[in-house]
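Scroll down for the structure; my scribbles are underneath it.
The values are calculated or read from the model by the stated rules, or taken from the named source; none is laboratory data. Worth saying up front: this structure is predicted, and the values here are computed from it rather than measured. Positions of Cβ are backbone-derived with ideal geometry, glycine not excepted, and every protein chain shown enters the neighbour counts.
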Amino acid sequence: MTSRLNVGVCLLAFAMLHANTGNAQLLNSVGAKGAFSWTKQDFNFTTFDPHFESITAFGAALFAEWLEGMFSLVTQCEYAQRGMRVRYVKTGPTGPEPLGYFFRYNRVNYISIPVLAKVRILDHAICPFVLAGPRIDFMLQYRSDNSEFNVIYDKFEKVTYGVTAGAGVELTVFQNLPILLEGRYNLDLKDSFAVQNLRVRNRSIDIWLGIAFRI
C-alpha cells in the first residue's frame, strides 16, 4: 500500500509539472533521464566504525524545466536506489587463515523529488551549468541479503529530505532536443534511522544522461 501511495505521489507531482504547458514563458522543457550511481549508507555507531562499502545503483527520472534564459528551475521525479555492502572474510574449514572475501548487499529504493535552481554559465550550443537545491525522498521498499539488516530497514523513516548539488553540460544538436549530461552529489539532512547508539543516513554520487523536449 505504501509503495502504491508513493508511486501515486510521483505521478501526481509530474502531472502538476505539466499544468501550465500552454505558457511557454513559464515551462521551458520536459524530458527523461537515466542515472548510474555510487551510493553508500553511513552507519554511524557511537562505539565503532563498521566501514561499510559503497555499491553501484541505477535511477530513472522525468523532469520539467521552468523559465528561460541563464537561470531556470528544474523539478524532477525520480526512482533512486540507495544502499551499501558488507565485506566478510572467507576462511577455510580447518583454520582462521583468510581465503578471500565475499559480500552481502543491501538496497533501499526511493521516489525522490528534487527542486533545483539551475544557472547556465554560457548560452551556446555546448552550455555548461551548475544546479543545487532541496530534495524529499519517499521510501518504497528494501532488500537485504540474508535479511541481515531487516531489523533496521523495517524501522527506516518513510520520508526523508536532503540537498542535491551538481554540474553538467547541455548539448544542443537539434534545436528542440538538447542532450543533458550531469553529475550530482546527494546528501541526506535527516536520519533514516536513529537510536541512542546508531544513526543512519544515505549519500550518493549520480551521473545522469537525458534528453529534453523544448516547449
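Of all residues in the range 84-98, those that are touching a residue at least 12 places away in the same chain (Cβ under 8 Å) and under 25 Å from residue 202 (Cα atoms) have Cβ atoms under 9 Å from Cβ atoms of residues that are acidic (Asp, Glu) and surrounded by 10 or more Cβ atoms within 10 Å (Cβ to Cβ), 6 or more apart or on another chain, in 84/42; 84/53; 85/53; 85/145; 86/53; 86/145; 86/148; 87/53. With a requirement of 3 or more residues that are without any contact (Cβ under 8 Å) to a residue 40 or more places away in the chain, the strands (runs of 3 or more DSSP E) lying completely within the range 103-215 that satisfy it span 126-144, 159-174, 177-188. Within the set 56, 75, 2, the sole residue that is modelled with pLDDT under 95 and of a type in the set (S, T, N, Q) turns out to be 2.
Only one of the numbered conditions (1) surrounded by 15 or more Cβ atoms within 10 Å (Cβ to Cβ); (2) modelled with pLDDT under 90; (3) charged (D, E, K, R); (4) part of a strand (DSSP E or B) is violated by residue 90, and that is (1). Here residue 96 meets the list (1) over 20 Å from residue 183 (Cβ atoms); (2) touching a strand residue (DSSP E or B) at 6+ places or on another chain (Cβ under 7 Å) almost entirely, failing just condition (2).
Residue-wise test of (1) more than 18 Å from residue 36 (Cα to Cα); (2) under 16 Å from the mean Cα position of the chain (by Cα); (3) of a type outside the set (S, T, N, Q).
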position	(1), (2), (3)
138	yes, yes, yes
142	yes, yes, yes
151	yes, no, yes
164	no, yes, no
167	no, yes, yes
184	no, yes, yes
189	yes, yes, yes
192	yes, yes, no
198	yes, no, yes
